[in-house]
Amino acid sequence: MQTGECGLNAAVVELAGVGKRYGATAVVRNVDLCCGKGEVVGLVGHNGAGKSTLFKMMLGIVAADEGELRLFGEPVRGRGFRDVRRAIGYLPESIALYDNLSGLETLQFFARLKFADPAGCAALLDRVGLGHAMRRAVREYSKGMRQRLGFAQALLGAPRLLLLDEPTNGLDPQAIHAFYDVLDELKRGGTTVILSSHLLAEIQSRVDWLAIMASGRLVARGAVTSLTATADLPALAWLLPRDDAQARVFEALSAAGFVPLREDDGSLRFAVAPARRIALLRTLAWLADALIDYTLTEPTLEDVFLRHQRAGALPEQRA
Amino acid sequence: MSAGRGYDWQWRLVAAIAAKEWRDRLRNRWVLAVALVFAAFALLIAYFGGAQSGTIGLRSTAATVASLTSLAIYLVPLIALLLGFDAVVGERERGVLDLLISLPIRRAELLVGKYLGLAAALALATLVGFGTALVPLAHAMDGAAMVLYLRFVGSALLLGLAFLSMAVLVSTLAHDRARATGAAIALWFGFVLVFDLSLLGILVASAGRYASSWAPYALLCNPADVFRVINVFGADALRSAFGLGTLLPQGWNAPATLYGAMAAWIVAPLGLALWRFR
Ligand SMILES: Nc1ncnc2c1ncn2[C@@H]1O[C@H](COP(=O)(O)OP(=O)(O)OP(=O)(O)O)[C@@H](O)[C@H]1O
Ligand SMILES: [Mg+2]
């Protein structure tokens, strides 16, 4: 079973042909997605790609116009979905809570609504690093503290599925670290996590696989390594020839089929397609005595991401 | 998943929502403020209500209740509308509504919880406010007077509950808080001022010819008027208020009719809100 595809065994999240339109604009289009037990999935995409809308449809907050959505095998918005909700933790993207309540009271209120034991709230606040502030009014909380409180709220009732919309937004590096530690712990316990983010560098090492959205479509999904491979992006070579060998290096590269660009300082830059990497090595070996320095920059996940974004966004902006 | 596939109504979730609303109104002193306003007005009217006619001092309970009624008709709907217009649209605007809906609470439970919590706060303020005023007044009241006064307090509460129900309806329909405010004020103007004036205008224009057949029933279409009729009983008062009286159809102002109309005004808007908020 390939990552993100629906196999025969029941998945925790199953989306098939999911679509949503607001007026004439299709904001989510034909999304197929499956997540298995214990998987941590990153959902990335540009602003307005439809990530938050997809989360809301998974929770039945917004009704999907097309397609089928099942969580734990239960249709979203169906009669039996209330029981499923007890096993889901949700962190909305801009978490707003009650200013007049203290952190502890806020959590206890949501605990009651989630059939969780309010007695466990203080420990949960400790876990997200809010133990010292739990009796202060949320009004006085900083953005990061609110975000932590929202995360604690999502953890109420030992959820088996976490839907986290930009969970690290507003957190300092230390808190981000602590956040992923908690996620690792949950993952080991078999909890499935879908989290959205704009910061690829941050999540690429933390997730099992990525789903990339662009203009409402799921344009790519897979493990980070396989996404990089399928993107077929060129690496970027940079060479600094000796002053007396500039012409020779330029000609040799051109003859080998590269398209070097001369910079003011005499260095050369050019793209190297994956299939041409060995050819470059051969050329460089031959030119070794003519070179002072060189670098080869690999495509980053950001490049991969932008590539998929463009591929998804260009054909048709509107439905 | 586990059992419980039918339509299981979870009162504990309703109670959790209601308890929060109730506690919020106690904490921000809303209940205290409204109770003080009610108590102050009741005492002022009891002692100084007769000033226009040249007498100051404790008046007859009937006169006090009549004056209180005309005041409560403005005040109670306004307070109830202000209490409830925010209930749903406020959560929406704050951004908490999405989170609430994602929880295992049904929308109907959420709405009923909100209503019950607010209704409890309103009931406490009304009973404590007008009840406090009863303490200095009680010694001058006989049994019949006490019934008059208690009926006033009870019906004022029903009036408040009816407008609270409308406020919650407005709150579920409104797109944002500003529009909900506008709609609440419009409702207040409509029911408290415009309705009676229009009715009076029609009666005057038609020279009272067709009045007896429909005018009394028109009064039932406005909870504020139902409240007035409950308290300012008798054809005399009605004649002075609306120029009708002798031609009233039998039994239209029977307690069952009046309280039935009030109950309908409490249940119907809330029912509509439940239906719209799915
Ligand atoms: N209630 C709504 N009414 C109309 N359009 C909406 C509504 N909610 C979202 N949209 C539109 O749907 C599209 C997707 O929005 P969504 O919030 O899902 O994007 P996103 O991927 O979460 O973006 P971001 O990264 O900025 O959070 C946007 O074009 C947005 O304008
Ligand atoms: Mg978003």
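Any of A:Lys187/B:Lys20; A:Lys187/B:Lys114; A:Lys51/B:Lys114; A:Lys51/A:Lys187 with alpha carbons more than 25 Å apart? Name them for me.
Over 25 Å Cα-Cα: A:Lys187/B:Lys20; A:Lys187/B:Lys114; A:Lys51/B:Lys114.
In whole Hz and in residue order, list the ³J(HN,Hα) couplings for the stretch A:103-118 that follow from phi through the Karplus curve 6.51 cos²θ - 1.76 cosθ + 1.60, θ = phi - 60°; x for Gly and Pro.
Those phi angles translate into x, 5, 5, 4, 5, 5, 4, 5, 4, 4, 6, 10, 6, 9, 7, x Hz.
Report the relative contact order of chain A, percent, no decimals, based on alpha-carbon pairs under 8 angstrom and at least 6 residues apart.
Answer for chain A is 20 percent.
Using amide H atoms built 1.01 Å from N in the peptide plane, name the residues 5+ places from A:Leu291, or on other chains, whose amide H lies under 5 Å from its own.
Under 5 Å from the amide H of A:Leu291: A:Arg242.
Which three extents, in whole angstrom, do the alpha-carbon atoms of the stretch B:8-147 cover along their principal axes, largest first?
Principal extents (Cα only, largest first): 62, 29, 22 Å.
Can you give the FRET efficiency for A:Ile176 and B:Leu193, using 1/(1 + (r/R0)^6), R0 = 45 Å, r = Cβ-Cβ distance, to the nearest 0.05?
Numbers: r = 58 Å, r/R0 = 1.29.
In this case the efficiency is close to 0.20.
Could you give me the ³J(HN,Hα) list for the stretch B:217-229, computed from phi with Karplus coefficients 6.51, -1.76, 1.60 and θ = phi - 60°, whole Hz, x at Gly and Pro?
In residue order, the calculated couplings are 6, 4, 4, 5, 7, 9, x, 5, 6, 4, 4, 5, 5 Hz.
Over the stretch A:234-298, give the accessible area per residue in Å² for a 1.4 Å probe, as an integer.
Numbers: 4020 Å² over 65 residues.
Heavy-atom accessible area per residue stands at 62 Å².
Using the Cα atoms of the stretch A:98-155, I'd like the radius of gyration and the largest Cα-Cα distance, Dmax, both in angstrom.
When restricted to Cα atoms, the stretch A:98-155 yields Rg and Dmax of 9.9, 28 Å.
Taking a probe of 1.4 Å, how large is the accessible area per residue of the stretch B:9-277, in Å²?
On the way: 11520 Å² over 269 residues.
I get 43 Å² per residue for the stretch B:9-277.
Using a 1.4 angstrom probe on heavy atoms only, work out the carbon and sulfur share of the accessible area of the stretch B:9-277 in %. Kindly include the intermediate steps, with their values, before the conclusion.
On the way: 8040 of 11520 Å².
Carbon and sulfur atoms account for 70 percent of the accessible area of the stretch B:9-277.
Considering only protein heavy atoms and a 1.4 Å probe, what is the carbon-and-sulfur percentage of the accessible area of the stretch A:98-155? Could you put the intermediate results ahead of the total?
Values: 1060 of 2210 Å².
The computed percentage sits at 48.
I'm a student and want to see the number: the projected area of the Cα convex hull of the stretch A:162-269, averaged over all directions, in nm².
Mean projected area of the Cα convex hull: 11.1 nm².
Treating the stretch A:23-104 as a set of equal point scatterers at the Cα positions, no solvent, please give the Debye-formula log₁₀ I(q)/I(0) at q = 0.11 Å⁻¹.
With no solvent term, the Cα-only Debye profile gives -0.38.
I need the Kirkwood Rh of the protein assembly as shown: take the reciprocal of the average 1/r across all distinct C-alpha pairs and report it in angstrom. All intermediate terms of the calculation are to be shown ahead of the outcome.
Working: mean 1/r = 0.0343 Å⁻¹.
Taking the inverse mean of 1/r over all distinct Cα pairs, the protein assembly as shown comes out at 29.1 Å.
Where does the protein assembly as shown land at 222 nm, in deg cm²/dmol rounded to the nearest 500, when only DSSP H runs of n ≥ 4 count, each adding -39500 (n - 2.57), divided by all residues?
Working: 24 runs with 312 residues, N = 597.
After summing the helix terms and dividing by the residues of the protein assembly as shown, the value is -16500 deg cm²/dmol.
Quick one: which residues, 5+ away or cross-chain, put their amide H under 5 Å from the amide H of A:Arg217? H built at 1.01 Å from N.
Hits under the 5 Å cutoff: A:Arg29.
For helix A:301-313, what angle does its Cα long axis make with the longest principal axis of chain A, in degrees from 0 to 90 and rounded to 10?
For helix A:301-313, the angle is close to 80 degrees.
Once phi is turned into ³J(HN,Hα) by the Karplus curve 6.51 cos²θ - 1.76 cosθ + 1.60 with θ = phi - 60°, what whole-Hz value does each residue of the stretch B:134-139 show in order, with x for glycine and proline?
Once rounded to whole Hz, the list reads 5, 4, x, 8, 4, 5.
How high is the relative contact order of the stretch A:98-155, in percent, counting Cα pairs under 8 Å that sit 6 or more residues apart? Spell out each step's value before the answer.
Numbers: 65 pairs, mean separation 25.7, N = 58.
So the answer I get is 44 percent.
Can you pull out the buried accessible area for chains B and A, both sides counted, probe 1.4 Å, rounded to the nearest 100 Å²? Walk me through the intermediate numbers first.
On the way: alone 13850 and 15950 Å², together 26830 Å².
Approximately 3000 Å² gets buried when B meets A.
Rg/Rh for chain A to two decimals, with Rh computed the Kirkwood way over all alpha-carbon pairs. Don't skip to the end; give the middle numbers.
Numbers: Rg = 24.5 Å, Rh = 22.2 Å.
Across chain A, the Cα-based Rg/Rh ratio is 1.10.
As a test of understanding, state the convex hull volume per residue of the stretch B:9-277 from its alpha carbons, in Å³.
Working: hull volume 39.5 nm³, N = 269.
With only Cα atoms used, the stretch B:9-277 gives 147 Å³ per residue.
Kirkwood Rh and Cα-based Rg: tell me the resulting Rg over Rh for the stretch A:234-298, rounded to two decimals. Intermediate values should be presented prior to the final figure.
Details: Rg = 10.6 Å, Rh = 11.6 Å.
Value, to two decimals: 0.91.
The values are calculated or read from the model by the stated rules, or taken from the named source; none is laboratory data. Computed from a predicted model, the values in this text were never measured in an experiment. Ideal geometry is used to build each Cβ from the backbone, glycine not excepted, and the neighbour counts take in all protein chains shown. Calculation scope for accessible area: heavy atoms of the full protein, side chains included, ligands and nucleic acids excluded. Shrake-Rupley method; radii C 1.70, N 1.55, O 1.52, S 1.80 Å.
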